[in-house]
Amino acid sequence: MNSAWLLAHEGSIRLGAFVSVLIVVALIERRWPARSDAGGARRTLTNASLVVIGSLLLRVAFPVLAVGLASRVHAQAGGLFGALHWPATLEIVLAIVLLDLAIYWQHRLFHVIPVLWRMHRVHHCDVAFDVTTGVRFHPFEIAASMALKLALVALLGPDPVAVIAFELLLSLGSLITHGNYAFYTAIDRRIRWLLVTPSMHRIHHSVRREETDSNYGFHLSIWDRLFASYRAQPHSPEREMAIGLDAFREPSAQRLPALLAQPFKPQR
């Protein structure tokens, strides 16, 4: 499988992988749920609507997306990797790691900077936690994330294969880490030394502020350990801890129009 084939079929590969993983995780969490707080059909439709609106916004707002820009920059030997001329395999691995580090800091800043937090709150005010939470992002946040990725791609000039791989990891990883299931404790503990698990990320969705502001990693758990944001366990048992934000727990706050209006509301 060469890079030209990957680039030519990028869209269908990403869509096929996304749908497949979504179905698998949904089946797993239905069979072995970690928590009993199901969100219902309305919530599922609302979360799905947000990702559809966000995807449409990307198509309208950006003339080129991350993979397309990577192809252009890489063809011109631009960016950091274009100047270094490193072996392709090393470049791809390093680019994925650097992009993951950047997403960690982006996530952390979205919790610190008020205007960014107002967008990110849409993700956190979900009062349930399952695979659909992994696609529940305000369209403005999706656009802001894409703008950052485009800037990083222009700066790094990575192989387009690295960007395809990272985009796949980003979308599929979000589904996996937001799944309503949990590994056995001993297995979870071992996986966490390298990767973010659903139990680790579930703490990040706790209603308690000190837990919400922890475990920012998307894929590699090393960043939370390295930058002192790792939390091993929630204050309350995982099955019982409250999920969401206190200020947005009413059913009216969970409807699509209210979620789209979130960036214009000042509450923490």
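Rule-based calculations on the coordinates, nothing more; no lab input. Only a predicted model underlies this, so the values are computations on that prediction, with no experimental measurement involved. All Cβ positions, glycine included, derive from the backbone under ideal geometry; neighbour counts span all protein chains shown.
Here is how the numbers come out for the structure above:
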| quantity | calculated |
| --- | --- |
| Helix-only mean residue ellipticity at 222 nm for the chain, each DSSP H run of n ≥ 4 adding -39500 (n - 2.57), per residue, nearest 500 | -19000 deg cm²/dmol |
| At least 27 Å along the helix axis (C-alpha) and Kyte average at least 0.5, DSSP helices within the chain | 10-31, 40-61, 88-112 |
| Size of region 1-123 as Cα extents on the principal axes (Å, biggest first) | 52, 40, 31 |
| Centroid-to-centroid separation of region 110-137 and region 56-71 [C-alpha atoms, Å] | 23 |
| Options Ala258, Leu194, Ile92, ranked by Cα towards positive dipole end of the chain, top entry (Cβ charges) | Ala258 |
| Exposed chymotrypsin sites (Phe, Trp or Tyr not before Pro) absent - longest run of the chain, DSSP non-H/G/I/E/B, at most 14 other C-beta within 10 Å | 1-183 |
| Cα centre as origin, Lys/Arg/Asp/Glu Cβ charges: the chain dipole, Debye | 500 |
| Loop sites in region 25-86: trypsin sites (Lys or Arg not before Pro), DSSP, at most 12 other Cβ within 10 Å | none |
| Label of the coordinate-derived value, percent of Cα pairs over 23 Å apart, listed as (1) 57; (2) 53; (3) 49 | (2) |
| Residues Arg249 and Arg72, FRET efficiency given R0 of 41 Å [Cβ-Cβ distance, rounded to 0.05] | 0.35 |
| Charge dipole magnitude, Cβ of K and R +1, D and E -1 - region 161-224, Cα centre, debye nearest 20 | 200 |
| Inter-part distance where region 213-268 and region 72-109 are each reduced to a Cα centre, Å | 29 |
